[in-house]
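A short worksheet on the structure shown next.
The values are calculated or read from the model by the stated rules, or taken from the named source; none is laboratory data. As the structure is a prediction and not an experimental result, all values here were calculated from the model. Neighbour counts run over all protein chains shown; Cβ positions are idealised from the backbone, glycine included. When the accessible area is computed, the model is the full protein with side chains, heavy atoms only, and any ligands, DNA or RNA have been set aside. Shrake-Rupley method; radii C 1.70, N 1.55, O 1.52, S 1.80 Å.
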Amino acid sequence: MKQAGFPLGILLLFWVSYVTDFSLILLIKGAALSGTDTYQSLVNRTFGFPGYLLLSVLQFLYPFIAMISYNIITGDTLSKVFQRIPGVDPENLLIGRHLIIVLSTVVFTLPLSLYRDIAKLGKISLISTVLTTLILGIVVARGVSLGPHIPKTEDAWIFAKPNAVQAVGVMSFAFICHHNCFLVYGSLEEPTVAKWSHIIHVSTLISVFISILFATCGYLTFTGYTQGDLFENYCRNDDLVTFGRFCYGVTVILTYPIECFVTREVIANVFFGGNLSSVCHIIVTVVIITVATLVSLLIDCLGIVLELNGVLCAAPLIFIIPSACYLKLSEEPRTHSDKIMSCVMLPIGAVVMAVGFVMAVTSPQDCSHGQEMFYCSPDNFSLTNISISHFQLTTQLSILNDSEIQVIQPGKSQLVLLWSHTVQHTSP
């Protein structure tokens, strides 16, 4: 929303979700036409070995970069959670993002990623869905309680902004699941195009609803101050948001193995003929996760990772390749709706790739990683915004004990507040 402009951003979000829905079904239709059962074999049958190699690179890079972004999120969110534990020094290296990334990898994501059957992650996906609902509720609640107290930027309500193409890249990153759609399709009890279409329609509808709520509540709260990682915008001493950060970190940790499954499958198909022995399975998994972890320790700004992965990997996987495969395989007339839509998606995908990459490099997102936002500072205290709200009761900047007098100096005047009960208050 910040990159595209709020009104245009909403429209683009609906459009990207529609294209995602269409192209996911198009892939399975293409597989039915070619008699293949994987994304790579579909492209190999359609465009030969060069197409197969190109897809393999993209299909490896997208989930691999996603793994890096998940590590960044885990380090950012959980480090702030542990800082809220009473008696813990915020500067303690044991709760630093680097150690948290390493520990979460060794204890959680690596063991989960060693599974060979993706269907075993079904219960984990259910947990992630429940936690996502809780996180959404927290973001909505804070939009109501915190939003009115944060000043809006001058360009907050502009219809469109120059970085709209970058926004499409981020949205593509959010919606893409093409790289593992054949794994999911193959896990269905009775895989058919009709059943797959129904599942995709329902899943996309739920996803766009959740995305609209997240994007709208997040942007309306912070407008031009919005960070690539939304939880970077909230004050560290907000206990409700701290719980949200914990849920967010757990959700990301549980999502990580699905991306690892895809990267490992690509390597298995390209270098091992599609089959990995037990020893090779473990070695390949450990190597992939180790490299992803090392890279995530060196990068701490999420926005640029999302943009580049979106425009370089997600755009061709969503817009270009499914359309190109279907256009070459289908014998339907040119006026058929699927062919018309495919012809529209191809050039749009190329533009998003080229322009999005240039803009992501030349005009990267601002990143205030690890820094408190200005509105969290006591120096920005404003008497005009004092109210006893839920936000103020859960975000502690100072505590007034029984019969304690605190002097607040707004500008040149003084106001003495005397409260007989313990009250927590904060600067909006």
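Here are LEU397, LEU383, LEU346: which of them is at pLDDT below 60 and surrounded by 14 or more Cβ atoms within 10 Å (Cβ to Cβ)?
Numbers: LEU383 fails: surrounded by 14 or more Cβ atoms within 10 Å (Cβ to Cβ); LEU346 fails: at pLDDT below 60.
When all the criteria are applied, what remains is LEU397.
Of the helices (runs of 4 or more DSSP H) lying entirely inside segment 78-167, those containing at least 2 residues that are modelled with pLDDT under 90 and either in contact with a helix residue (DSSP H, G or I) (Cβ under 6 Å, 6 or more places away or on another chain) or open to solvent by less than 60 Å² (accessible area, probe 1.4 Å) (or both) span 97-104, 122-146.
Checking each residue in segment 168-191 for being open to solvent by less than 50 Å² (accessible area, probe 1.4 Å) and either without any contact (Cβ under 8 Å) to a residue 60 or more places away in the chain or of a type in the set (D, E, K, R) (or both) picks out only LEU188. The residues of segment 42-58 that are buried (at least 18 other Cβ atoms within 10 Å of the Cβ) and over 16 Å from GLY349 (Cα atoms), listed by number, are LEU42, VAL43, ASN44, ARG45, THR46, GLY51, TYR52, SER56.
Regarding segment 312-325, can at least one residue be identified that is open to solvent by 20 Å² or more (accessible area, probe 1.4 Å), closer than 14 Å to ALA66 by Cα, in a helix (DSSP H, G or I) and aliphatic (A, V, I, L, M)? Yes, segment 312-325 has at least one match. Could you please give the count of residues in segment 192-234 that are outside any helix (DSSP H, G or I) and open to solvent by less than 50 Å² (accessible area, probe 1.4 Å)? Here the count works out to 5. Any chance segment 79-90 includes a residue that's among the hydroxyl-bearing types (Ser, Thr, Tyr), on the phi < 0 side of the Ramachandran plot and in contact (Cβ under 8 Å) with a residue 60 or more places away in the chain? Looking for residues that are among the hydroxyl-bearing types (Ser, Thr, Tyr), on the phi < 0 side of the Ramachandran plot and in contact (Cβ under 8 Å) with a residue 60 or more places away in the chain, one finds none in segment 79-90, hence no.
Residues that are under 20 Å from the mean Cα position of the chain (by Cα), modelled with pLDDT of 95 or more and open to solvent by 50 Å² or more (accessible area, probe 1.4 Å): does segment 1-12 have at least one? Within segment 1-12, one or more residues are under 20 Å from the mean Cα position of the chain (by Cα), modelled with pLDDT of 95 or more and open to solvent by 50 Å² or more (accessible area, probe 1.4 Å). Of the numbered criteria (1) closer than 16 Å to ARG264 by Cβ; (2) modelled with pLDDT of 90 or more, the one PRO50 fails is (1).
Could you pull out the residue among ALA32, ALA66 that is open to solvent by 20 Å² or more (accessible area, probe 1.4 Å) and within 25 Å of SER203 (Cβ to Cβ)?
On the way: ALA66 fails: open to solvent by 20 Å² or more (accessible area, probe 1.4 Å).
On inspection, the qualifying residue turns out to be ALA32.
The set of residues in segment 13-29 being farther than 27 Å from ASP229 by Cβ and either of a type in the set (D, E, K, R) or open to solvent by 30 Å² or more (accessible area, probe 1.4 Å) (or both) consists of LYS29 alone. Taken residue by residue, segment 244-264 has no member that is modelled with pLDDT under 90, of a type in the set (A, V, I, L, M) and not in a helix (DSSP H, G or I). The set of residues from segment 235-275 being more than 17 Å from the chain's Cα centre (by Cα) and open to solvent by less than 30 Å² (accessible area, probe 1.4 Å) comprises CYS235, ASN237, ASP238, VAL241, THR242, PHE261, VAL262, THR263, ARG264, VAL266, ALA268. Which residue pairs have Cβ atoms under 6 Å apart, sit 6 or more places apart or on different chains, and have a first residue in segment 105-127 that is within 23 Å of GLY186 (Cβ to Cβ) and a second that is surrounded by fewer than 16 Cβ atoms within 10 Å (Cβ to Cβ) and not hydrophobic (A, V, I, L, M, F, W, C)? What qualifies is ALA119/SER187.
Among the residues of segment 317-333, count how many are out of contact with any Cys (no Cβ under 9 Å at 6 or more places or on another chain), touching a residue at least 60 places away in the same chain (Cβ under 8 Å) and closer than 17 Å to ASP21 by Cα. So that I can check it myself, show each step before the final result.
We begin by selecting, within segment 317-333, every residue out of contact with any Cys (no Cβ under 9 Å at 6 or more places or on another chain); these are 317-322, 324-326, 328-333.
Imposing the further condition that a residue be touching a residue at least 60 places away in the same chain (Cβ under 8 Å) reduces the set to 317-319, 321-322, 324-326, 328-330.
Narrowing the set further to residues that are closer than 17 Å to ASP21 by Cα leaves 317-319, 321-322, 324-326.
Of the residues in segment 317-333, 8 are out of contact with any Cys (no Cβ under 9 Å at 6 or more places or on another chain), touching a residue at least 60 places away in the same chain (Cβ under 8 Å) and closer than 17 Å to ASP21 by Cα.
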